[in-house]
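A short write-up of the structure that comes next.
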Amino acid sequence: MPDAPSHKTTIAVVDSNARHIAVLTEALDPFYRVMSFADSEDALDWLRTNRPSALLVDEDVQPLSGTSTIEALFRMPAARRPPVIGVAAERTSPFLDLARRRGAEATLVKPLHRAGLIRAVSDRINALVETSWDDYESTPRVALKAAAKLFAELQARFDGAEEPIPFDLVNEAGAALIKAVKFDRVGDVLYGLRFHDNYPFVHCLRVAALLAKFGMEMKLGSEDLATLTAGGLLHDIGKLAIPYPVLNKPGGLSYEDTQLMKSHVARAAQILNRSTDLPRGVRMVVEQHHEKLDGTGYPRGLFGKQVNDLARMAAIADIFCALTDRRPYKAAMTAKEAVTVMQDMGFAIDVRLLGTFTPILVDPSLGSGHID
Ligand SMILES: [Fe+2]
Ligand SMILES: [Fe+2]
């Protein structure tokens, strides 16, 4: 398989059944670069010099069985070994237990449903990335871990837990991020997100970092700065309710997908409504970050002065990050390219604020250009 440059994270599949490989590749290929091996020895050979972000091993692979392949993998130095997902033909297969006991981080049973498969792969990638933060210096490590803990809790709110936003965790993550910005360590925080596969998490953290910087530029008091940063962390939490394949879909979205994507603002508002003590500014950022000053935004089509000042700042950070985020289907735009695009948006965004923040947006020391 050619080693073409790709914006995607690499996933390897070891499976001797060509039909299975075709099914797996079809499910994963839109979001990941898939390397597939019908021969387990070829796979082990390749793994000597390559480390994919996750490795799926089928139980019936040849010539080494799935169990023997996993055993060989776990004889490799830990730092070189990818996270392993064992795949069994049926729920009663002894391979499931064997794979776990030999060290596989997760197991799946066929037939593989796309959503479950992608979630298992994505979770393994994120676990690997989050483990790497242990080697970071204290300030960026604390900021990354506090934000990841917050998002794990927020995800639970969308997976069924009927609880309010854990605002103590929002404050903790916000304070850690503000500290990282103040100590000029936010570049390390963004570096730690490069290969993380939870897009709402990565994007919200980038937006929050920029908003903290904007707030300092505007000389906001500590309470307003905390509110603005919290707004950034929470602005897109409604996207945690959107299935991965829609959220990361390459190319144009259907009308239904677009409506689902736009529903993230209402979904976030529903969760925010469970809290009575949420600062008004946080709510404004979440509810208005897609409003445009010329009335072309959503969900309410607000106009000019109807758009809250903090939400105007959030819109600038949000559009900039959307343009410069690394996605499976596109390269990240450079900071300068993104600013040019935004300058061409006319009066949809606050032109005066964009002018004020442009030196921050193009400042390479913030590491906000792009996270590649
Ligand atoms: Fe949004
Ligand atoms: Fe956003």
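Taking amide H as placed 1.01 Å from N in the peptide plane, LEU278 has no amide H partner under 5 Å among residues 5 or more places away or on another chain. Classify region 1-136 as rounded, prolate or oblate from the Cα gyration tensor: take a ≥ b ≥ c as the square roots of its eigenvalues, call it rounded if a/c is under 1.5, otherwise prolate when a/b beats b/c and oblate if not. Verdict is rounded for region 1-136.
For the chain, a Gaussian network of Cα nodes joined below 10 Å ranks ALA146, ALA18, ALA241 by mean-square fluctuation, and the top entry is ALA18. Only Cα pairs under 8 Å and 6+ residues apart enter the sum, and on that basis the relative contact order of region 137-366 stands at 18 percent. The distance linking region 81-127 with region 268-315 is 41 Å (Cα centroid to Cα centroid, whole angstrom).
Measuring against 32 Å, Cα to Cα, the residue pairs LYS149/LYS182; LYS8/LYS219; LYS149/LYS305 contain LYS8/LYS219; LYS149/LYS305 as the ones spanning a longer distance.
How long are the three semi-axes of the equivalent ellipsoid for region 137-366, computed from the Cα gyration tensor as the root of 5 times each eigenvalue, in whole Å, largest first?
Working: eigenvalues 97, 96, 73 Å².
Equivalent ellipsoid semi-axes, largest first: 22, 22, 19 Å.
How charged is the neighbourhood of ARG81? Take every other residue with its Cβ under 13 Å from the Cβ of ARG81, and add Lys/Arg as +1 and Asp/Glu as -1.
Summing Lys/Arg as +1 and Asp/Glu as -1 gives +4.
Dipole orientation for the chain: of the candidates TYR199, ILE165, ALA241, ILE165 has the Cα lying most toward the positive pole (charges on Cβ; Lys, Arg +1; Asp, Glu -1). Other residues whose C-beta falls under 15 angstrom from the C-beta of LEU260 contribute a net charge of +1, scoring Lys and Arg +1 and Asp and Glu -1.
The H on the amide N of VAL87, modeled in the peptide plane, is under 5 Å from the matching H of VAL57, ASP58, GLU59, LEU108, each at least 5 residues off or on a different chain.
Region 9-48 and region 211-259 have their alpha-carbon centroids 34 Å apart. In this label model, ARG80 and ALA269 are separated by 5.5 nm, measuring between points 7 Å along each Cα→Cβ vector. With a simple spin-label model that places each label point 7 Å from the Cα along the Cα-to-Cβ direction, the separation between ARG300 and ASP29 comes to 4.6 nm.
When the chain is treated as a GNM, springs tying every alpha-carbon pair under 10 Å, which of PHE167, PHE195, PHE214 comes out with the largest mean-square fluctuation? Between PHE167, PHE195, PHE214, it is PHE167 that shows the largest mean-square fluctuation.
Work out the FRET efficiency for ASP363 and ARG91 from their Cβ-Cβ distance, taking R0 = 51 Å, and round it to the nearest 0.05. Could you put the intermediate results ahead of the total?
Numbers: r = 54 Å, r/R0 = 1.05.
After rounding, the FRET efficiency stands at 0.40.
Pop the C-beta distance of ASP60 and ARG352 into the FRET formula with R0 = 45 Å and round what comes out to the nearest 0.05. The value I calculate is 0.10. Full extension of the chain between ARG280 and ARG48 gives 78.1 nm of extra length, using 0.36 nm per residue less the Cα-Cα distance.
Once you keep just the Cα pairs under 8 angstrom separated by 6 or more residues, what percentage relative contact order results for region 9-126? Spell out each step's value before the answer.
Numbers: 200 pairs, mean separation 27.8, N = 118.
RCO, region 9-126: 24 percent.
Average accessible surface for the chain: 45 Å² per residue, computed with a 1.4 Å probe over protein heavy atoms with every protein chain in place.
Residue by residue, region 329-340 carries 3J(HN,Hα) couplings of 9, 8, 6, 6, 5, 6, 4, 5, 4, 5, 5, 4 Hz when phi is fed to the Karplus relation 6.51 cos²θ - 1.76 cosθ + 1.60 (θ = phi - 60°); x denotes Gly or Pro. Evaluating 6.51 cos²θ - 1.76 cosθ + 1.60 at θ = phi - 60° for every residue in region 343-353, the Karplus couplings come out as 5, 7, 7, x, 8, 5, 10, 6, 5, 5, 5 Hz, glycine and proline recorded as x. The HN-Hα couplings worked out from phi for region 152-166 by the Karplus form 6.51 cos²θ - 1.76 cosθ + 1.60 (θ = phi - 60°) are 5, 5, 5, 4, 4, 5, 8, 8, x, 5, 8, 10, x, 4, x Hz, whole numbers, x standing for Gly and Pro. Ligands, DNA and RNA left out, the accessible area of the chain computed with a 1.4 Å probe is 52% carbon and sulfur. Put simply, the amide H of GLY295, placed in the peptide plane, has neighbours under 5 Å in GLY304, leaving out anything fewer than 5 places away on its chain. Placing pseudo-labels 7 Å out from each Cα toward the beta carbon at HIS7 and HIS113 gives an inter-label distance of 3.0 nm. Net charge in the neighbourhood of PRO63 (other residues with Cβ under 11 Å of its Cβ; Lys, Arg +1, Asp, Glu -1) is -3.
Which FRET efficiency, nearest 0.05, do ASP344 and LYS182 yield, Cβ-Cβ r, R0 30 Å?
Details: r = 33 Å, r/R0 = 1.09.
Plugging the Cβ-Cβ distance into 1/(1 + (r/R0)^6) gives 0.35.
The values are calculated or read from the model by the stated rules, or taken from the named source; none is laboratory data. This one's a predicted model, so the numbers in the text were calculated from it and none came from an experiment. Note: ideal-geometry Cβ built from the backbone for every residue, glycine included; neighbour counts use all protein chains shown. Remember, those area values only see protein heavy atoms, side chains included, never the ligands or the DNA or RNA. Shrake-Rupley method; radii C 1.70, N 1.55, O 1.52, S 1.80 Å.
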